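Reviewing the structure listed below.
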Amino acid sequence: MSTENTIEKVKCLIIGSGPAGYTAAIYASRANLHPVLYTGLQMGGQLTTTTEVENFPGYPEGVTGPVMMEDMRKQAERFGTEIRFGIVTDVDFSGHPHKVTIDGEKQIEADAVIIATGAAAKYLGLPSEEKFKGMGVSACATCDGFFYRGKNVAVVGGGDTACEEATYLAGLCQKVYLIVRKTYLRASKAMQKRVFETPNIEVLFEHNTVELLGNDMGVTGAKLVYKKGTPEESLKEIAIDGFFLAIGHTPNTDVFKKYITLDEQGYIVTEGKSSRTNIPGVFAAGDVMDPTYRQGITSAGAGCRAAIDAERYLGELGH
Ligand code: NDP
């Protein structure tokens, strides 16, 4: 390791410590690329904020998110990945090698860079929502819906994700409220049709959540306001055990946007089925380039692709 002011040269730099980053690290270290991985602020990524993970193959009894991420970290380290705390604060992808600044001071030059910085689910920002995170409040129906079988839940949002999650939950739960702030759904017509044709989904248009109600066991209800700011404004309470946010995600791409091509929502654009970005030698994997699937297992698969793409790229460079 170098001192702060000298430039460290790295063959393969991995940014991010979710399933995509760690899987890329496992493959890259086994391919002898000597990867260095920077974890970012939230070591282990979004999965460390969930409780039980039951849909990741290989854990027949389920596993908690933090334990699974620890397992992935250990597996990456076992093959020689150097894992370091730190966040990328600047990049210069204008030439080769790629220059990356860590924590505003440390300089790294990397032949290949794998971006696996993930995305963050948006929350409403209510104090009660924060209080019940992981205790009834979730931003992933596919991950947590199973725990609410036969119960009443609510989904917030009017886009494709909200409609998809509401329909998914309707197959498991007794009743699903879809809380929509406008008078209409933004989702595609096909998705709207599915929602309206599902008898146990009740769409609450022009409703906003004011507060989540609950006890030591978790969420028990939500307080909603109807037609806020109009003469018809009124409050109502719904009894629910689960509260699912589906109001969008923010991909963590700010630091790369000067060089890397992003789509209109800020996700990294990759070439075809590959993990290649518009910059040769810079690859992307996981939620940072995938607004659609956003699962641990799909991110892990993407991390594997990125490491294989990086290995081929380095091979062509003669490294
Ligand atoms: P979107 O940005 O499309 O929708 C977000 C929804 O959340 C909107 O209805 C928005 O309301 C609402 N919202 C935002 N902030 C708040 C708030 N503070 N309070 C209440 N409601 C709020 O995000 P999605 O995740 O649904 O979709 C992202 C992209 O992925 C889209 O392009 C979508 O089409 C795509 N997608 C496609 C799927 C498919 O084709 N199968 C499945 C899932 C996603 P408002 O309308 O008022 O702004």
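Quick notes on this one:
- Proximal charge balance of Pro19 [Cβ under 12 Å; K/R count +1, D/E count -1]: -1
- In straight-distance terms, cross-link reach from Lys11 covers every one of the lysines whose alpha-carbon lies under 19 Å from its own, apart from those fewer than eight places away in the same chain; here that gives Lys99, Lys106.
- Note on the stretch 123-245: with charges restricted to the Cβ of Lys and Arg (+1) and Asp and Glu (-1), its dipole about the Cα centre is near 280 debye.
- Length added when fully stretched, Thr230-Lys193, from 0.36 nm per residue minus Cα-Cα: 10.4 nm
- Theoretical gain in end-to-end length, Lys223 to Glu202 [0.36 nm per residue, Cα-Cα removed]: 6.0 nm
- Note on Glu211 and Tyr59: their simple-model spin labels are 3.5 nm apart, each label 7 Å out from Cα toward Cβ.
- Residues of the stretch 260-286 with amide N under 11 Å of the 7 Å Cα→Cβ point at His96: 280-282
- Solvent-accessible area assigned to carbon and sulfur over the chain amounts to 51 percent, based on a 1.4 Å probe.
- Applying a threshold of 26 Å to the alpha-carbon distances of Lys9/Lys258; Lys131/Lys189; Lys122/Lys227 flags Lys131/Lys189 as lying beyond it.
- Net charge contributed by nearby residues that have their C-beta within less than 12 Å of Glu61 (K/R +1, D/E -1): -2
- Per residue, the accessible area of the chain comes to 49 Å² when a 1.4 Å probe rolls over the protein heavy atoms.
- Comparing Pro251, Pro35, Pro127 in a Gaussian network model of the chain where C-alpha atoms under 10 Å apart are linked, the largest mean-square fluctuation is found at Pro127.
- Mean ellipticity per residue at 222 nm, deg cm²/dmol - from DSSP H runs of n ≥ 4 across the chain, formula -39500 (n - 2.57): -7000 deg cm²/dmol
- GNM top mover of Ala141, Ala31, Ala76 - the chain, alpha-carbon springs below 10 Å: Ala31
- Distance from the stretch 239-264 to the stretch 56-125 (C-alpha centre basis), Å: 17
- Formal net charge of residues neighbouring Lys99 (Cβ-Cβ distance under 9 Å; K, R +1; D, E -1): -3
- Taken about its Cα centre, the chain carries a charge dipole of about 520 debye when Lys and Arg each add +1 at the Cβ and Asp and Glu each add -1 at the Cβ.
- Loop exposure criterion: trypsin sites (Lys or Arg not before Pro), DSSP state outside H, G, I, E and B, at most 10 other Cβ atoms within 10 Å. Applied to the chain, the longest stretch between such sites is 1-181.
- Along the stretch 285-293 the Karplus relation, 6.51 cos²θ - 1.76 cosθ + 1.60 evaluated at θ = phi - 60°, assigns HN-Hα couplings of 8, x, 4, 5, 10, 9, x, 9, 8 Hz to successive residues, with x for each Gly and Pro.
- Modelled label positions at Lys74 and Lys133, each set 7 Å beyond Cα in the direction of Cβ, lie 2.6 nm from each other.
The values are calculated or read from the model by the stated rules, or taken from the named source; none is laboratory data. Since the structure is predicted, the reported quantities are computational estimates derived from the model, not experimental observations. All Cβ positions, even for glycine, are placed from backbone atoms using ideal geometry, and neighbour counts span all protein chains on display. For the accessible areas, the whole protein counts, side chains as well, though only heavy atoms, and no ligand, DNA or RNA atoms are used. Shrake-Rupley method; radii C 1.70, N 1.55, O 1.52, S 1.80 Å.
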